[in-house]
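A short write-up of the structure that comes next.
Every number here is computed from the coordinates shown, using simple stated rules; none is lab data. Note that the coordinates shown come from a computational prediction; the quantities given were computed from them, not determined experimentally. Here the Cβ positions follow ideal geometry from the backbone for every residue, glycine too, while neighbour counts run over all protein chains shown.
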Amino acid sequence: MILIDPPLAEGRGRLWSHLASDTSYDELHVFAREAGIPERGFDRDHYDVPEEWYDAMVELGATPVSSRELVSRLIAAGLRRRKTET
């Protein structure tokens with residue numbers, strides 16, 4: 001399932017959501033490609049999505065969840081990659 005959290009992460013003068021999959025990275029990359037998200041938006045285990053794209057991602061099928069739930073589901077699926085991992 002594709003998940004998206006609220007746009008609460010600040011960076012580069014804007015707010016960002018995180019788009020992730022609790023199924024596979026392949027599922028995530030396919031969704032991102034079809035949604036027009038640039039590959040450079042991928043960061044370890046999620047895509048960074050600007051606030052103004054949030055509604056479009058939900059319309060395309062991303063399930064809104066809290067940031068805490070997104071991380072919990074990544075961990076449960078074994079897909080969480082911390083910054084210290086390579």
- [ ] Enumerate by residue number the GluC sites (Glu not before Pro) in the chain meeting two conditions: DSSP loop (anything except H, G, I, E, B), and at most 13 other Cβ atoms within 10 Å of the site's Cβ.
- [x] Glu85
Task: Helical mean residue ellipticity (222 nm; -39500 (n - 2.57) per DSSP H run of 4+; nearest 500) of the chain - done: -9500 deg cm²/dmol
Task: Loop sites in the chain: trypsin sites (Lys or Arg not before Pro), DSSP, at most 15 other Cβ within 10 Å - done: Arg12, Arg44, Arg81, Arg82, Lys83
TODO: Scan around Ile2 for amide H atoms under 5 Å from its own, H built in the peptide plane at 1.01 Å from N, and keep only partners 5 or more places away or cross-chain.
DONE: Thr63
- [ ] If a/c stays under 1.5 just call it rounded; otherwise compare a/b with b/c (prolate if a/b is bigger, oblate if not). Do that for the range 37-86, with a ≥ b ≥ c from the square roots of the Cα gyration tensor eigenvalues.
- [x] oblate
Open item on the list: Modelling each spin label as a point 7 Å along the Cα-to-Cβ direction, I'd like the Thr63/Arg14 distance in nm, to one decimal.
Closed with: 2.7 nm
Task: Karplus (6.51, -1.76, 1.60) ³J(HN,Hα), θ = phi - 60°, over the range 20-37, in Hz, Gly and Pro reported as x - done: 9, 10, 9, 10, 6, 5, 4, 4, 4, 5, 5, 4, 4, 4, 5, 7, x, 7
Task: Cα-centred dipole magnitude for the range 2-77, charges only on beta-carbon of K, R (+1) and D, E (-1), debye, nearest 20 - done: 180 debye
- [ ] Pop out the ³J(HN,Hα) list for the range 58-67 in order, Karplus 6.51 cos²θ - 1.76 cosθ + 1.60 with θ = phi - 60°, rounded to Hz; leave Gly and Pro as x.
- [x] 5, 4, 7, x, 5, 8, x, 9, 6, 4
TODO: State the label only: which of [x] 12; [y] 16; [z] 44 corresponds to percent of Cα pairs over 22 Å apart computed from the shown model?
DONE: [y]
